[in-house]
Each structure stands twice: as structure tokens, then as C-alpha cells.
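Input: a single structure, listed below in C-alpha cells.
The values are calculated or read from the model by the stated rules, or taken from the named source; none is laboratory data. Keep in mind it's a predicted model, so treat the numbers as computed, not measured. Heads up, the Cβs are rebuilt from the backbone with ideal geometry, glycines too, and the neighbour counts pull from every protein chain shown.
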Amino acid sequence: MINFENNPLIQKTVQFSLDIIEFCELLEEKRKFVIAKQLLRCGTSIGANAFEAQNPHSKNDFINKIKISAKNWKKPNIGFICVNIPKIIRLMKSLNIKL
């Protein structure tokens, strides 16, 4: 069995997924369902693919799973959110969403 406690990739991607889930719940409370659903799918798949890559069938399988994680990170909605964090924080404050 693989020890995930000492694996920084897994720790960071799982924490990122949990943060995404929490943020999506806030968006859904404000009835922003479309962006919440899209963000939830892309944001959580990063950690899922990184986790799956920890037990690859081959070196190529590992590389492929990591590439999929990286590709999901680069998708426009994730990139937009990460680049525009200050705007998102202002939007959240305007919607009275507590940080």
C-alpha cells in the first residue's frame, strides 16, 4: 500500500479539491450553479488523476495521468479563476459570501 501522508503532490491536490468543493458550495448557495458545476468537475479531477497516477500500470500510465491533471489545471475556467482571484474575492464580498 502506498503511503500518501508523505506525498506532497497528493496532499496539495487533495487540499485544492477540498477548497474547490467548499467554494462551489458557496457559489451554489448564491445560485451560481453553472460555474459551480463546471469548477467542481475540473477542480476535483486534478486531485483524482494525481491520486490515480500514484499506482500506475507503467511509466507511461503515470505520465499520462499527470498530464491529464496538468491539462485540467490549464482549462480556461480554472485558469481564469486562479488568475482573477482578486476579482473573485470582490464578487464574493459583493454577494455577502464570507471568506
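Results, tabulated for the structure shown:
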{"quantity": "Those residues of segment 15-31 which are part of a helix (DSSP H, G or I) and surrounded by 13 or more Cβ atoms within 10 Å (Cβ to Cβ), in sequence order", "calculated": "F16, S17, L18, I20, I21, F23, C24, L26, L27, E28"}
{"quantity": "Single match in K71, K37, K12 (criterion: part of a helix (DSSP H, G or I), under 15 Å from the mean Cα position of the chain (by Cα) and modelled with pLDDT of 85 or more)", "calculated": "K37"}
{"quantity": "Pairs, first closer than 20 Å to Q11 by Cα in segment 49-68, second in a loop (DSSP other than H, G, I, E, B), C-beta under 6 Å, six or more apart", "calculated": "Q54/I2; F62/A53; F62/P56; K65/A53; I66/A53"}
